[in-house]
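The values are calculated or read from the model by the stated rules, or taken from the named source; none is laboratory data. Since we're looking at a predicted model, the values are computed, not measured. Methodologically, a virtual Cβ is constructed for each residue, glycine included, from the backbone with ideal geometry; neighbour enumeration extends over all protein chains shown. With ligands, DNA and RNA removed, areas are computed over all heavy atoms of the protein, side chains included. Shrake-Rupley method; radii C 1.70, N 1.55, O 1.52, S 1.80 Å.
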Amino acid sequence: MTVKIFGNTITNCGTAISAPANANLEIGQNAISQCQKAIELRDSPSLLQSLGLPPDTPIDMLREVLSTLAQSGDGTGERRQEIVKNSRLGKWLGTSANVAQIAGTFLTLHQGGYLQRILEILPR
């Protein structure tokens, strides 16, 4: 999907337009003045970083726990935390603080209906 940004007047701001570097943008005919930065193209965080996971997280372990969570229905937060803790990913993460944080993130994703979408974009 192309995002078109045309015909805008943007004044007196920090950054007028900020988008991921890989975004499909069409930008033109805008009046940008008195801004610290007109257009910023930024690197997007990786999916792993967005989930609060280390960059070297094994994808197969992530896929496994997300699949289990997606199939487990709307269990309690404690139940989901237990699933993450007992998974290979939970054991790989180690500390209970990390597991609790990640389980909370996964619960939010599940409630928002995003677990299946993430599973679809993870490499196999």
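Do we have any residue at all in the range 115-122 that's touching a residue at least 60 places away in the same chain (Cβ under 8 Å), at negative phi and not in a helix (DSSP H, G or I)? Yes, that holds for at least one residue.
Each row is one residue, and each column tells you yes or no for (1) under 23 Å from Gln116 (Cα atoms); (2) in contact with a Phe, Trp or Tyr (Cβ under 6 Å, 6 or more places away or on another chain); (3) of a type in the set (A, V, I, L, M); (4) open to solvent by 60 Å² or more (accessible area, probe 1.4 Å).
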residue	(1), (2), (3), (4)
Thr2	no, no, no, no
Ala16	no, no, yes, no
Pro20	no, no, no, no
Gly73	yes, no, no, no
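Condition check: open to solvent by less than 20 Å² (accessible area, probe 1.4 Å), of a type in the set (Gly, Ala, Ser) and at pLDDT 80 or above. Does Ala103 satisfy that? Yes; evaluated as a whole, the condition is true for this residue.
Out of Val65, Val3, one residue alone is under 30 Å from Lys91 (Cα atoms) and modelled with pLDDT of 90 or more. It is Val65. Among the residues of the range 43-65, are any in contact with a strand residue (DSSP E or B) (Cβ under 8 Å, 6 or more places away or on another chain), open to solvent by less than 90 Å² (accessible area, probe 1.4 Å) and under 25 Å from Gly14 (Cβ atoms)? Yes, some residue in the range 43-65 is in contact with a strand residue (DSSP E or B) (Cβ under 8 Å, 6 or more places away or on another chain), open to solvent by less than 90 Å² (accessible area, probe 1.4 Å) and under 25 Å from Gly14 (Cβ atoms). Taking the criterion of being of a type in the set (Phe, Trp, Tyr) and either touching a helix residue (DSSP H, G or I) at 6+ places or on another chain (Cβ under 6 Å) or touching a residue at least 24 places away in the same chain (Cβ under 8 Å) (or both), the only residue of the range 98-114 that qualifies is Phe106.
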